[in-house]
Ligand code: BGC
Ligand code: ZN
């Protein structure tokens with residue numbers, strides 16, 4: 001079967017190759033799920049992997065099958081797979097797998113302290129840009145058939161979910177936390193999905209990002225009832241004076257100096273969540289005393305977040321369902337740039353690196369077969 005792969009360490013090595021089709025028995029203890037891949041989204045991580053700035057091949061291979069944002073349909077299951085996952089079920093599999101740290105042992109490998117981590121399509125494990133994959137049922141999350149169109153957005157949504165879920169988890173320190181104002185920095189896919197998740201938690205939404213209006217992503221923020229500001233028209237301090245003080249600020253810009261401006265305007269008892277992976281060497285001059293004093297006198301928190309836990313996948317599925325009910329058609333507008341088939345890997349990389357209007361670039365790999373109907377799923381859900 002076909003797959004899109006790179007030679008990690010060699011820039012621009014993306015290519016199509018033949019790999020062996022996996023079998024459900026490749027996973028031990030009858031827990032294997034064989035999945036036909038329908039769509040795979042790509043993001044900045046894939047860009048960095050093809051630029052040889054990130055990523056590693058599995059041991060014994062000189063190539064890495066890329067792709068970590070997938071949606072697929074179950075073809076076959078082992079005898080010990082829970083009945084919530086049956087042939088026909090629409091599924092998304094998570095990205096990170098346990099290493100040797102205690103957090104992997106308790107199912108929270110997103111909190112690993114290992115230096116080496118295992119992520120499908122990114123580091124040491126092959127990904128989903130292929131025709132079929134097999135996975136242990138514990139890493140496979142079922143979606144209602146109604147999410148078949150937009151479910152490819154689940155993985156990036158889980159990144160947003162983890163950020164927001166942890167903001168609430170951390171704020172349990174306050175006994176009473178009634179956040180009102182959220183500010184999302186950045187309006188790429190993760191910024192927009194974070195804006196959505198914040199809105200679904202009932203927060204007043206402000207989004208601060210570089211591009212000026214008219215801008216499709218700003219319209220998407222407004223469709224959620226949020227207010228969009230361009231950093232070319234206002235400073236974050238001005239935005240905060242108008243819309244804040246912010247109880248929670250989430251950064252998904254990829255521009256690290258903004259973090260220090262955010263730290264400065266964060267409201268008392270507030271939480272600042274950092275989700276940008278910034279591989280560069282940028283430095284910044286910051287108002288160190290002011291930020292420090294604000295954090296001390298205001299009991300503020302700054303926290304980093306990466307990847308997602310099983311709970312974030314579950315709340316992610318719930319929020320995608322809610323989004324379809326409350327903002328019908330909104331998620332679909334994020335799917336701006338379909339790429340036809342695995343053969344079009346060059347076009348995929350071009351869209352990813354050069355099309356600045358694109359929100360989500362994704363590869364269409366196969367059509368779903370008639371999925372199991374909702375009543376059937378309900379009857380088999382345990
Ligand atoms: C992925 C995460 C992953 C992170 C670090 C992101 O692009 O969506 O699942 O943990 O990269 O490799
Ligand atoms: Zn990603």
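Restricted to segment 280-311, and to residues that are in a loop (DSSP other than H, G, I, E, B) and under 15 Å from the mean Cα position of the chain (by Cα), which residue is surrounded by the fewest Cβ atoms within 10 Å (Cβ to Cβ)?
306
Within segment 57-64, identify whether any single residue is within 16 Å of ligand 2 (Cβ to nearest atom), surrounded by 17 or more Cβ atoms within 10 Å (Cβ to Cβ), within 19 Å of the chain's Cα centre (by Cα) and within 24 Å of residue 366 (Cα to Cα), and answer yes or no.
No, the conditions are met nowhere in segment 57-64.
Within segment 23-44, can you find the residues that are within 16 Å of ligand 2 (Cβ to nearest atom) and touching a helix residue (DSSP H, G or I) at 6+ places or on another chain (Cβ under 6 Å)?
Result: 39, 41, 42.
Please pick out the residue among 113, 157 that is under 30 Å from residue 222 (Cβ atoms) and either modelled with pLDDT under 95 or within 16 Å of ligand 1 (Cβ to nearest atom) (or both).
157
Quick check, is residue 182 more than 16 Å from ligand 1 (Cβ to nearest atom) and within 18 Å of the chain's Cα centre (by Cα)?
No, not satisfied.
Pick from 98, 79: which is at pLDDT 95 or above, more than 24 Å from the chain's Cα centre (by Cα) and surrounded by fewer than 21 Cβ atoms within 10 Å (Cβ to Cβ)?
None of the other options fit; the residue is 79.
Give me a count of the residues in segment 245-258 that are over 13 Å from residue 179 (Cα atoms), in contact with a strand residue (DSSP E or B) (Cβ under 7 Å, 6 or more places away or on another chain) and either modelled with pLDDT under 95 or surrounded by fewer than 21 Cβ atoms within 10 Å (Cβ to Cβ) (or both).
Residues in segment 245-258 being over 13 Å from residue 179 (Cα atoms), in contact with a strand residue (DSSP E or B) (Cβ under 7 Å, 6 or more places away or on another chain) and either modelled with pLDDT under 95 or surrounded by fewer than 21 Cβ atoms within 10 Å (Cβ to Cβ) (or both): 0 in total.
Which one of 119, 135, 169 is more than 13 Å from ligand 1 (Cβ to nearest atom) and either modelled with pLDDT under 95 or farther than 29 Å from residue 203 by Cα (or both)?
Result: 135 is the single residue among 119, 135, 169 that is more than 13 Å from ligand 1 (Cβ to nearest atom) and either modelled with pLDDT under 95 or farther than 29 Å from residue 203 by Cα (or both).
Given segment 137-247, what strands (runs of 3 or more DSSP E) lie entirely inside it while holding 2 or more residues that are under 19 Å from residue 266 (Cα atoms)?
181-185, 204-209, 227-230
Any residue at all in segment 271-290 that's closer than 23 Å to residue 175 by Cα and out of contact with any strand residue (DSSP E or B) (no Cβ under 9 Å at 6 or more places or on another chain)?
Within segment 271-290, not a single residue is closer than 23 Å to residue 175 by Cα and out of contact with any strand residue (DSSP E or B) (no Cβ under 9 Å at 6 or more places or on another chain).
Can you tell me which condition residue 141 does not meet? The list is (1) in contact with a helix residue (DSSP H, G or I) (Cβ under 6 Å, 6 or more places away or on another chain); (2) surrounded by fewer than 24 Cβ atoms within 10 Å (Cβ to Cβ); (3) not assigned by TED's automatic domain parsing to the domain that holds residue 92, and all the others hold.
Checking residue 141 against (1) in contact with a helix residue (DSSP H, G or I) (Cβ under 6 Å, 6 or more places away or on another chain); (2) surrounded by fewer than 24 Cβ atoms within 10 Å (Cβ to Cβ); (3) not assigned by TED's automatic domain parsing to the domain that holds residue 92, the one that fails is (3).
(1) touching a residue at least 40 places away in the same chain (Cβ under 8 Å); (2) in the same structural domain as residue 198 (by TED's automatic domain parsing); (3) crowded, with 17+ Cβ neighbours inside 10 Å: which one isn't true of residue 277, the others all being true?
Only one criterion is unmet by residue 277, namely (3).
Considering segment 312-331 alone, what residues qualify as being out of contact with any helix residue (DSSP H, G or I) (no Cβ under 6 Å at 6 or more places or on another chain), under 21 Å from residue 119 (Cβ atoms) and crowded, with 16+ Cβ neighbours inside 10 Å?
The answer is 317, and nothing else.
Just the residues that are more than 21 Å from residue 59 (Cα to Cα) and in a loop (DSSP other than H, G, I, E, B), please, taken from segment 13-37.
31
The values are calculated or read from the model by the stated rules, or taken from the named source; none is laboratory data. On a predicted model such as this, the values are computed, not experimentally measured, just so you know. Here Cβ is always computed from backbone atoms with ideal geometry, including for glycine, and neighbour counts include all displayed protein chains.
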